[in-house]
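Report on one structure; see the data block that follows.
Each reported figure results from applying straightforward, stated rules to the coordinates on display, with no laboratory input. What you see is a predicted model; the values in this text were computed from it and never measured. Reconstructed Cβ throughout: ideal geometry from the backbone, glycine too, with neighbour counts over all protein chains shown.
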Amino acid sequence: MDLLAYESAKKIWRQITKESTVPELEFELEVHKKLLNIFQVGDYYYYIFNCLEAQIEYVHENVTSVLGYRPEDFTVANVLARMHPEDLPWFLNFENAVTEFFTQLPPDKILKYKVRYDYRLRKADGEYLRILQQVVTIQADGAGGVLRTLGVHTDISHLKPEGKPVLSFIGLDGEPSYIDVNVKSIFTSEKGILSKREKEILSLLIEGNHSSQIGEKLYISQHTVNTHRKNMLAKTGAASTSELVAKAVREGWL
């Protein structure tokens with residue numbers, strides 16, 4: 001899934017560049033650090049992303065204190081691999097929406113929007129943090145292709161311990177903002193990997209039925225029901241049936 005997600009993300013990011021070429025990084029990083037005054041920062045680190053190459057070209061050493069990883073290990077592939085599996089489809093759908101938004105903007109508006117959304121990342125010690133990702137374009141071509149962006153990752157776990165990720169486009173210099181944007185569900189979550197029978201069993205579990213009751217209602221053995229339940233736990237990464245049910249209700253898998 002991580003490799004497929006990376007390839008999908010690269011295709012999305014290539015679109016936002018409008019197939020342009022990216023010149024060498026000739027600007028002074030210190031100048032663009034001033035852009036950080038538009039971000040609300042707590043425990044944070046920042047980075048520069050090359051959209052066409054789908055590569056992180058620079059990341060601040062604070063990434064070690066926040067996530068526990070060395071700067072050289074903070075690559076796109078590693079970020080996707082350490083993203084919470086429930087949030088990975090949100091991330092891809094958000095990036096697709098971001099590309100659609102920016103490709104429709106006039107070239108003179110490209111630098112006037114900040115993209116903001118959240119997701120969970122796994123630290124080196126295995127704990128998940130909820131990261132607020134805020135990104136602005138710092139380099140674009142004359143046709144409006146986004147070439148490089150400056151991003152800030154802030155730990156907001158204490159502010160948002162749970163809930164679905166939210167995407168917003170924040171207008172700068174008087175431009176309008178778009179909060180909690182609805183996005184197309186091109187990439188699906190765990191609900192897409194559950195079979196029809198598993199969804200039937202999950203629905204009955206949510207209603208409070210036990211395995212024996214589910215077996216009677218679906219005309220299958222209790223052993224078969226239990227096998228499906230174990231498979232659903234393995235597929236979704238849930239540690240227990242109660243966690244599986246809670247995730248299904250919270251994320252809208254049915």
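Comparing GLY208, GLY237, GLY145 in a Gaussian network model of the chain where C-alpha atoms under 10 Å apart are linked, the largest mean-square fluctuation is found at GLY208.
Projecting label points 7 angstrom from Cα along Cα→Cβ for ALA246 and SER195 puts them 2.8 nm apart.
Just checking the listed ones, TYR117, TYR69, TYR44: in the Gaussian network model of the chain with Cα springs under 10 Å, the one fluctuating most is TYR69.
The loop-placed trypsin sites (Lys or Arg not before Pro) in the range 76-167, going by DSSP, that have at most 15 neighbouring Cβ atoms within 10 Å of their Cβ come out as LYS123. Please work out the Cα center distance from the range 67-110 to the range 175-225, rounded to the nearest Å. Cα centroid to Cα centroid, the span is 27 Å. With the simple model of a label 7 Å out from the Cα in the direction of the Cβ, GLU175 to HIS223 spans 6.2 nm.
The smallest convex shape that holds all Cα atoms of the chain, its convex hull, gives 135 Å³ per residue. If the limit is 26 Å between Cα atoms, which of LYS123/LYS184; LYS10/LYS109; LYS18/LYS247; LYS114/LYS235; LYS217/LYS247; LYS114/LYS247 go over it? Long pairs (Cα-Cα over 26 Å): LYS123/LYS184; LYS18/LYS247; LYS114/LYS235; LYS114/LYS247. By the helix-only formula, in which each DSSP H run with n ≥ 4 contributes -39500 (n - 2.57) and the sum is divided by residues, the chain has a 222 nm mean residue ellipticity of -11000 deg cm²/dmol. When the trypsin sites (Lys or Arg not before Pro) in the range 182-254 are filtered for DSSP coil states and for at most 16 other beta-carbon atoms within 10 Å of their beta-carbon, the remaining sites are LYS184.
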